[in-house]
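Below is one structure, written out as structure tokens; the observations come after it.
The values are calculated or read from the model by the stated rules, or taken from the named source; none is laboratory data. Note that the coordinates shown come from a computational prediction; the quantities given were computed from them, not determined experimentally. All Cβ positions, glycine included, derive from the backbone under ideal geometry; neighbour counts span all protein chains shown. Side chains are part of the model used for accessible areas, which takes the heavy atoms of the whole protein and leaves out ligands, DNA and RNA. Shrake-Rupley method; radii C 1.70, N 1.55, O 1.52, S 1.80 Å.
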Amino acid sequence: MYTVPLPRIGTDKAWREAARSLLSNRVPPEDILWDFDQTLPELFSAPTPLPDLRGQPKVPKSFVELSQQVVWHKDPQRFARLYALLWRLRLEPALMSDRADADLAKLQQMEKAVRRCKHKMKAFVRFRDLRSDGPRRAFAAWFEPTHHTVEPTAPFFARRFADMDWIILTPDVTARFENGTLSFQPGQDKPDLPEDATEELWGTYFRNIFNPARLKVKAMTSEMPKKYWKNLPEAKHIPDLIAHADAKAKEMQDKAPTLPPERVARIREQLVETAQPASWNMLQAGLRACDRCPLCAPATQVVPGTGVRDASLMIVGEQPGDQEDQAGVPFVGPAGQLFDRLAQEAGLDRESAFVTNAVKHFKFQQRGKRRIHQNPNSAEIEHCRFWLQSEIALVKPKLILAMGGTAAESLTGSRKDILKRRGAVEETGFGPVLLTVHPSYLLRLPDHLKADANAAFVADLQEARRIIA
Ligand code: URA
């Protein structure tokens, strides 16, 4: 019998190395005891040397991908299950594509649970400001993951919050990020973390995106499972919102459409309390750390504006798309390419402008492997307007070209009648804004309407060029 000790931190690497060694030495599953975190009783705990490695067994990529997730599952049998499948793979090379196989199906279920847990961790970790006096801001969060997902998810937070120090405390493992270095320590009991103002902001945000007319309690609790509520500042509002949803929906129906709702003004007030970044460095750092709304969690990265920092023309789109989210640069995908072509036709040099978006994170819905674009809602536009406003304050453009409804809403307060308002300058609190349609609208038009619509867009760009000349 082989006893294989597996540490709680670095489990994946230890499991991989042990499994490879055992397999190449033909050790059958029934001869192995996997000892995670030294939990086996004394009787079995005498260390058994692992056999020497004799050549590298070939393992299908699909198994490697499966095991990389499953090792973080909380099921104590996970290592034995994985190794049993690996063992069978020697004689059944097509096993990974056998949909009817019960062992594989069980492991795939576990893989899905781990992925879901990682996703929830990205969405539901709430940092509190430790108000450090040091050169870097410092934050701490308490989280209770269902599986052992702190270690595989921590690199996401390291990328997202690269410019600050943070610690994620959990009962399982503690992840610490200090001066750009990520490390892990054993878990601990829940500490007392300082209250901070973002708690209230999360509550306000949640109350504002909550649409009583669309309430589906089952879908909502599946998206935000109850077990996470105790550590989410916004969750304390849920019971009340649900209880009053019917009455609130009726009230909304009875009300005629109005100017921006009072609640939006309230959020705006709270957000402007935070000082606008006074330099490009502060802006970039603030954007990278932004967690003003939940769009930051699933996106790959924030996509700030790019271009000439004192440009006469600022071009504002909606939000990064799939390709922009990966590249970290606005307007590089299909809409950006169409824009470049039509701008060239209009004699407008994109390289001499500052190009940005009203919302800085990609909002999407995952469908299988595809990420389907979702329109940002008013609260998200409102939150992100802080950053757009900061960019405008730094660039000080002579003219802002707002492309599409989201940019129009952010800059003029209304997304209505773009086709009627286009081509004309509107005076706003941000300066003169010229409205036009969004390039992705042009991409979606049926072929027979494209030529005229493109020509009208080119005319709007020429007008912008004329104004800044
Ligand atoms: N659409 C936008 O509005 N912005 C981008 O950056 C890309 C597509």
- prompt: Under a straight-distance cross-link criterion of Cα-Cα below 20 Å, which lysines are reachable from K416, leaving out those fewer than 8 residues away in the same chain?
  reply: K255
- prompt: Using a 1.4 Å probe on the protein chains only, how many percent of the accessible area of the chain belongs to carbon and sulfur?
  reply: 52
Under the Karplus curve 6.51 cos²θ - 1.76 cosθ + 1.60, θ = phi - 60°, whole-Hz ³J(HN,Hα) for region 423-438, x wherever Gly or Pro sits: x, 10, 8, 10, 7, 9, x, 9, x, x, 10, 9, 8, 8, 7, 8
- request: Apply 1/(1 + (r/R0)^6) to the Cβ-Cβ distance of Q68 and N375, taking R0 = 30 Å, and write down the FRET efficiency to the nearest 0.05.
  value: 0.30
field: D129 versus D163: modelled label distance in nm, points set 7 Å from Cα along the beta carbon direction
entry: 1.5
- prompt: In straight Cα distance, which lysines are under 24 Å from K74, not counting same-chain residues fewer than 8 positions off?
  reply: K13, K61, K106, K112, K118, K120, K122, K190, K226, K227, K230
query: What FRET efficiency do you get for R26 and Q365 if R0 is 35 Å and r is their Cβ-Cβ distance, rounded to the nearest 0.05?
result: 0.15
message: What's the whole-number percent of alpha carbon pairs in the chain lying beyond 41 angstrom?
response: 33
Cα gyration tensor category, rounded, prolate or oblate, for region 2-120 with a/c compared to 1.5: oblate
- line: Under the Karplus relation with 6.51, -1.76 and 1.60 and θ = phi - 60°, whole-Hz ³J(HN,Hα) for region 454-464, x at Gly and Pro, equal 5, 5, 5, 5, 4, 4, 4, 5, 5, 5, 4
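Less than 9 Å Cβ to Cβ from D165, Lys/Arg counted +1 and Asp/Glu -1: what total charge do the surrounding residues give?
For residues surrounding D165, the net value is +2.
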- prompt: Under 13 Å Cα-Cα from K248, which aspartates and glutamates qualify once same-chain neighbours fewer than 8 residues away are excluded?
  reply: D240
field: MRE, 222 nm, helices only [DSSP H, n ≥ 4, -39500 (n - 2.57), over the chain, to nearest 500]
entry: -13000 deg cm²/dmol
query: Just how many % of Cα pairs in region 125-186 lie over 17 Å apart, if you round to the nearest whole percent?
result: 32
- prompt: Each label point is 7 Å from the Cα along the Cα-to-Cβ direction; what then is the distance between the points at Q109 and E251, in nm?
  reply: 4.4
- prompt: Classify region 280-468: rounded, prolate or oblate, from the alpha-carbon gyration tensor (a ≥ b ≥ c, eigenvalue square roots; a/c under 1.5 rounded; otherwise prolate if a/b is larger than b/c)?
  reply: oblate
field: Tilt relative to the chain, helix 150-160 - C-alpha long axis, 0 to 90 degrees, to 10
entry: 20
